[in-house]
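Enquirer: Handing you a structure now.
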Amino acid sequence: MSKKSSLSGLNPQQKDAVLHMKGPLLVLAGAGSGKTKVITHRFAYLTSAQKVPPASILAMTFTNKAASEMKERIEVLTKKSSKGLWIGTFHSLAARILRKEIENLGYMQDFCIYDDADSGHLVRSILKEFKIHEALYKGILSKVSSLKASLVGPEDLMSNEDSYGFDEKFARVYVRYQDELRKNNALDFDDLIMCTVKLFEKHPGVLKKYQKEFSHVMIDEFQDTNTSQYRLTRLLTSKNRNVCAVGDDDQSIYKFRGAEVKNIHSFRKDYSRTKVIRLEQNYRSTQRILDIADSIIAPSQDRISKKLWTDRGRGEKIFYCVATNEMEEARYIAQSIKDLFLKGKYSYKDIAVLYRVNQQSRSLEEAMRENGQPYKIHGGISFYQRKEVKDIISYLKLIANPDDSVSLKRIVNCPTRQIGAATITRVENEARKREESLYKTMKFIAKSTGYTNSLREKVCAFINIIDGLIAHKDESVPGLIDLIYEKTNYAEWVGEEKADTLKELRESANGKDLKSFLDTASLFSGLDEKRNEDSVSLMTLHSAKGLEFPVVFIAGIEDGLVPHFHAIKDPEELEEERRLFYVGVTRAQDMLVISGAKKRRLYTSVQEQQPSRFLADIPTNCYHCIEKRPRADAITSSASVPLNVLSSSPFAAGARVKHPKWGVGVVRDSYGETDDVKVMVNFPTVGMKRLSLKFANLEKI
């Protein structure tokens, strides 16, 4: 790739960032300003014009989706495969280093990675053993994660009791949790970074090796880094200092995950003579949307000043709807979406509805079902967390690492093998006495005479299945999945309705070795799911980070929701809520609608709601206010035909039809009585037409 082509299409500030080759660089990239473009073009320029070997560039981001997009763009720019390059998430790249070096920390290279569900199972079993109420396990996991993000292990907690609000019960659980992970030769999500930092700090020779290997380091979404990730960055770049951090302090919204917005401010102090470049031209939103966003974020304390602008024009006026209650708010949003869809300018997939807490989705879903509108809730259970997928992944984990007791417990009676809770408890007690994994203990029981024949037979039958699978561990992953089905009858046991999911799992494993496939599955999250179908996206404001939509609705702009009531008394939390609202607003490309309710049922009671305090920072001439009063028929559905009748009709929304006079068009809506269904059809030649199916002579094509 030529120097000229790697700089084409860049604005002056982007070009300045790409051309900075030596020393630390901080790119303050406002929302929609092309930060990924800077990183990918910088990668291309380094490898072409500067002749830097591609394998010596470390490029890190936070989600698999963002990493995939980065790889694809780099491949287009360089016209070379990105396979084998150091481009990925912090956690996946840390896992890659540990796969080579973790024996220095006393683990084996075939360690498994526990996702949140695996960690939850392990903590619950420890709580059960300690007779601590199981309802506490989520809070415990969150606290463990927070401590690990701050590089505080159990030994640090025990030796600095006064520094971390010491709780004896929690400390016991944390110590046992880490002991069990080590016994299972397993790392959890946070261990990947913490162990890599520990590896580099305890083994300077290993650190020196990777400092030499990576001549340039680039980090996307730098405002989302936590203490451990920032320490890792500092360790890798302390010698050559060729580090490029791209981020936006205005979009730091993950404090609850340990993210430290102060890392952006610390960067300039920790790396002397840092060059700072601001990206302020926005390529996503209209100027009206940016003006609203700027008025929201301007009062934020200690922010690095940026003023976003665009050449996309002023755009549509912003609307603010005040509804009587949450159902009226939801109906207003659903009806507005229907009107936009019927006009033919936007598809359902162009529209997102954002909200602060998951509970808000209930009324939105109800209103959309009334209107027969397709929708999908994002950030829910991801593909790899579905029960049938998780079961097969657990078999594969056990094949790769037989000491993984969490995976063993998940599938020991799946399909049913008459190995119930009592049997497992007995094996667990024996395993604790022997200080061994469940698998090794089961093998011991199977060969010993000191146990009942019934127990030995059950255990022996299971061990024979697992040993038979382990014997084929070097086969392809699809081959292993087929073997699991054959040896266990799992596919028959789970039923035909899960067949498509299991087929998709098998296809996703093509071309991957067992370790890389399991790492991908463990590091995958709901945020990485693709959005293909034509449906409205419903999601929390946190889940919307990194996304963009032509039309965005933000519901519940009220004190207690935006900002959340937990944050109102804490100045730092309140600042993050302001940034969260800013992130939601800047997801919109063409049109933004915000709304709130005067009364809302939250949790168990109906509460009087006040408009969000953040609205006071927006000049009233920036938006058009609408007050939505209750409909007279508010309790009746707007659809007089059952939704299943309409959706099963050959003339459902989205169908292509042919009219004798106006030619081919697309059905935008269908409604009416079952004996007189009417359709709204958008014809390119004449626009929108309302037709009765009884008389229109429409032909489905």
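Enquirer: Only four residue types carry charge here, +1 at the Cβ of Lys and Arg and -1 at the Cβ of Asp and Glu. Report the dipole size of region 297-404 about the Cα centre in Debye, rounded to the nearest 20.
Expert: It works out to roughly 500 debye.
Enquirer: Using a cut-off of 17 Å between alpha-carbon atoms, which aspartates and glutamates can reach residue 433, once sequence neighbours fewer than 8 places away in the same chain are excluded?
Expert: Answer for residue 433, where 17 Å is the Cα cut-off: 129, 179, 180, 403, listed by chain and number.
Enquirer: If you don't mind, there's one more thing I want to ask. Give me the net charge for the shell around residue 488: Cβ to Cβ below 10 angstrom, other residues only, Lys and Arg +1, Asp and Glu -1.
Expert: -1
Enquirer: Calculate what fraction, in whole %, of the accessible area of region 315-460 sits on carbon and sulfur atoms when a 1.4 Å probe is rolled over the protein chains.
Expert: Roughly 48 percent of what the probe reaches on region 315-460 is carbon or sulfur.
Enquirer: Let me ask something else. Please give the peptides 130-140, 472-482 ranked by average Cβ packing (other Cβ atoms within 10 Å per residue), highest first, as a rough proxy for protection.
Expert: The most tightly packed comes first, giving 472-482, 130-140.
Enquirer: At 1.4 Å probe size, put 79, 255 in order of accessible surface, largest to smallest.
Expert: Solvent-accessible surface, decreasing: 79, 255.
Enquirer: Give the residue from 359, 252, 216 lying farthest towards the positive end of the charge dipole for the chain; charges sit on Cβ (+1 for Lys and Arg, -1 for Asp and Glu) and the dipole is referred to the Cα centre.
Expert: About the Cα centre, the residue reaching furthest to the positive side is 216.
Enquirer: Can you list the aspartates and glutamates whose alpha carbon is less than 13 Å from that of residue 487, not counting same-chain residues fewer than 8 positions off?
Expert: 467
Enquirer: Place the peptides 167-177, 320-330 in order of packing, highest mean first, counting for every residue the other Cβ atoms within 10 Å and averaging per peptide.
Expert: Put in order of decreasing packing, that is 320-330, 167-177.
Enquirer: Please work out whether region 145-235 counts as rounded, prolate or oblate from its C-alpha gyration tensor, where a ≥ b ≥ c are the square roots of the eigenvalues and a/c under 1.5 means rounded, while otherwise a/b larger than b/c means prolate and anything else oblate?
Expert: Prolate is the answer for region 145-235, as a/c is 1.5 or above and a/b outweighs b/c.
Enquirer: Excluding residue 450 itself, what net charge comes from residues whose Cβ is under 13 Å from its Cβ, given Lys and Arg +1 and Asp and Glu -1?
Expert: Charge balance near residue 450 sits at +4.
Enquirer: Run the accessible area of region 52-138 with a 1.4 Å probe and give the carbon-and-sulfur part as a rounded percent.
Expert: Carbon and sulfur atoms account for 55 percent of the accessible area of region 52-138.
Enquirer: Out of 698, 34, 667, whose Cα points farthest toward the positive end of the dipole of the chain (charges: +1 Lys, Arg; -1 Asp, Glu; placed on Cβ)?
Expert: 34
Enquirer: Given charges of +1 on the Cβ of Lys and Arg and -1 on the Cβ of Asp and Glu, with all other atoms neutral, how large is the dipole of the chain about its Cα centre, in debye to the nearest 20?
Expert: Dipole of the chain, to the nearest 20 debye: 1820 debye.
Enquirer: Let me ask you something else. Within a Cβ distance under 13 Å of residue 311, other residues only, what is the Lys/Arg minus Asp/Glu net charge?
Expert: So the surrounding residues net to +2.
Enquirer: Hey, another quick one. Checking the cross-link filter: which lysines have an alpha carbon closer than 29 Å to that of residue 661, excluding same-chain neighbours under 8 positions apart?
Expert: Residue 661 reaches 338, 343, 345, 678, 689, 694, 700.
Enquirer: So what is the calculated 222 nm ellipticity per residue for the chain, using -39500 (n - 2.57) for each DSSP H run with n of 4 or more, over all residues, to the nearest 500 deg cm²/dmol?
Expert: -13500 deg cm²/dmol
Enquirer: Now a separate question. Kindly report the accessible area of the chain per residue (heavy atoms of protein chains, probe 1.4 Å, no ligands, DNA or RNA), in Å².
Expert: Per-residue value: 45 Å².
Enquirer: So for each of 182-194, 363-375 I average, over its residues, the number of other beta carbons within 10 Å; can you give me the resulting order with the highest mean first?
Expert: Going from most to least packed, we get 182-194, 363-375.
Enquirer: Under 5 Å between amide hydrogens, which residues at least 5 positions from residue 375 or on another chain qualify, with H placed 1.01 Å from N in the peptide plane?
Expert: For residue 375, whose amide H was placed from the backbone, the distant partners under 5 Å are 536.
Enquirer: Identify, among 87, 444, 6, the residue whose Cα sits farthest towards the positive end of the charge dipole of the chain, taking +1 on the Cβ of Lys and Arg and -1 on the Cβ of Asp and Glu, with the dipole about the Cα centre.
Expert: It is 6, whose Cα lies furthest towards the positive end.
The values are calculated or read from the model by the stated rules, or taken from the named source; none is laboratory data. Quantities reported herein were computed from a predicted structural model and do not represent experimental measurements. We place every Cβ from the backbone using ideal geometry, glycine too, and count neighbours over all the protein chains shown. What goes into the accessible areas is simple: the full protein's heavy atoms, side chains included, and nothing from ligands, DNA or RNA. Shrake-Rupley method; radii C 1.70, N 1.55, O 1.52, S 1.80 Å.
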